[in-house]
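First the structure, in the form of structure tokens, and then the observations on it.
The values are calculated or read from the model by the stated rules, or taken from the named source; none is laboratory data. It should be emphasised that the depicted structure is a prediction, and the values quoted were computed from it without experimental measurement. Every residue, glycine as well, gets a Cβ built from its backbone with ideal geometry; the counts of neighbours run over all protein chains shown.
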Amino acid sequence: MRLFAALVPPEEAVEHLDDFLEARREAGPFRWTAAEQLHLTLAFYADVPDHALDELVERLGTAARRRTPFRARVAGGGAFPDVARARVLWAGLDLDEGAAAELDRLATGCRNAASRSGVGVDGQRFRPHLTLARLGRPAEVTRWVRLLDAYAGPSWTADRVTLVESHLGEGPRRRPRHEVVADLPLGGVDLG
């Protein structure tokens, strides 16, 4: 299975960002991320054996319970690898110092949960962002990043880790289809 642990902004935060981007989408050569798939990846697990899933979910749940919910909002943005030759356009998170530390500890916990479950973790160091769009070829995107710098969405409480299975090529226009495997509360918060 191809899985990732993520923070998923609530619907109202996603709608606010989607409304901001709506009028601008036609102006760039981007493959935009579907609004319902916007998330902040905490850890990516490219190849999870079936037999490791239950232990991974259990350990992710433990990692999530050790963290406390925190306030966040989608704000600002940037490009990977840089604005001069961007392949990815992303939105950032506005966090106070305590929330930023809590998010870093949560991402570390998600990576450690996988390692202790015998699951490999892909990717480089944790860089919190929501992927908004991808480019087929590197491009200069300074004006897009300036536009994103002016954006600040509504504040929301990050209170769960969502484990998602990604089915490559099964979504609209052969994009990934995402399926929630588990919602795991931070600090033992009741998600009911």
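Annotations
- Pairs with Cβ under 9 Å, 6+ apart, first in region 26-39 and in a strand (DSSP E or B), second surrounded by 12 or more Cβ atoms within 10 Å (Cβ to Cβ) and not hydrophobic (A, V, I, L, M, F, W, C): Phe30/Arg134; Arg31/Arg134; Arg31/Arg175; Trp32/Arg25; Trp32/Arg134
- Number of positions in region 128-139 that are farther than 14 Å from Thr33 by Cα and surrounded by fewer than 13 Cβ atoms within 10 Å (Cβ to Cβ): 1
- Residues (out of contact with any Lys or Arg (no Cβ under 9 Å at 6 or more places or on another chain) and either surrounded by 15 or more Cβ atoms within 10 Å (Cβ to Cβ) or in contact (Cβ under 8 Å) with a residue 60 or more places away in the chain (or both)) located in region 1-14: Met1, Arg2, Leu3, Phe4, Ala6, Pro10, Glu12, Val14
- So Val180, is it under 19 Å from Asp47 (Cα atoms), of a type in the set (A, V, I, L, M, F, W, C) and in a loop (DSSP other than H, G, I, E, B): no
- Any hit, region 38-45, residues being surrounded by 17 or more Cβ atoms within 10 Å (Cβ to Cβ), over 15 Å from the mean Cα position of the chain (by Cα), within 21 Å of Val141 (Cβ to Cβ) and not acidic (Asp, Glu): no
- Close contacts from region 142-161, counting a first residue that is more than 14 Å from Phe20 (Cα to Cα) and a second that is among the charged types (D, E, K, R) and surrounded by 13 or more Cβ atoms within 10 Å (Cβ to Cβ), with Cβ to Cβ under 7 Å and a gap of 6+ residues or different chains, come to Ser155/Arg71; Ser155/Arg73; Trp156/Arg73; Thr157/Arg71; Arg160/Asp183.
- Checking region 46-66 against the condition returns no match, with no residue being closer than 19 Å to Ala107 by Cα and assigned to a strand (DSSP E or B).
- When Ala72 is tested against the conditions (1) over 26 Å from Gly153 (Cα atoms); (2) touching an Asp or Glu at 6+ places or on another chain (Cβ under 9 Å); (3) of a type outside the set (Lys, Arg); (4) surrounded by 15 or more Cβ atoms within 10 Å (Cβ to Cβ), the lone failure is (1).
- Ala84 vs. criteria in a helix (DSSP H, G or I), touching a helix residue (DSSP H, G or I) at 6+ places or on another chain (Cβ under 9 Å), without any contact (Cβ under 8 Å) to a residue 60 or more places away in the chain and among the aliphatic types (A, V, I, L, M): yes
One line per residue, one yes/no per condition, for (1) within 14 Å of Gly153 (Cβ to Cβ); (2) of a type in the set (Phe, Trp, Tyr); (3) assigned to a loop (DSSP other than H, G, I, E, B):
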{"position": "Phe4", "(1), (2), (3)": "no, yes, no"}
{"position": "Val14", "(1), (2), (3)": "yes, no, no"}
{"position": "Phe20", "(1), (2), (3)": "yes, yes, no"}
{"position": "Leu42", "(1), (2), (3)": "no, no, no"}
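- Qualifying residue in region 94-116 (condition: within 25 Å of Pro29 (Cβ to Cβ), modelled with pLDDT of 95 or more, out of contact with any helix residue (DSSP H, G or I) (no Cβ under 7 Å at 6 or more places or on another chain) and crowded, with 17+ Cβ neighbours inside 10 Å): no
- For region 24-36, the criterion of being touching a Pro at 6+ places or on another chain (Cβ under 6 Å), under 27 Å from Ala139 (Cβ atoms) and either β-branched (Val, Ile, Thr) or modelled with pLDDT of 95 or more (or both) is satisfied by no residue at all.
- Among the residues of region 12-37, the ones that are among the charged types (D, E, K, R) and under 14 Å from the mean Cα position of the chain (by Cα) come to 1 in all.
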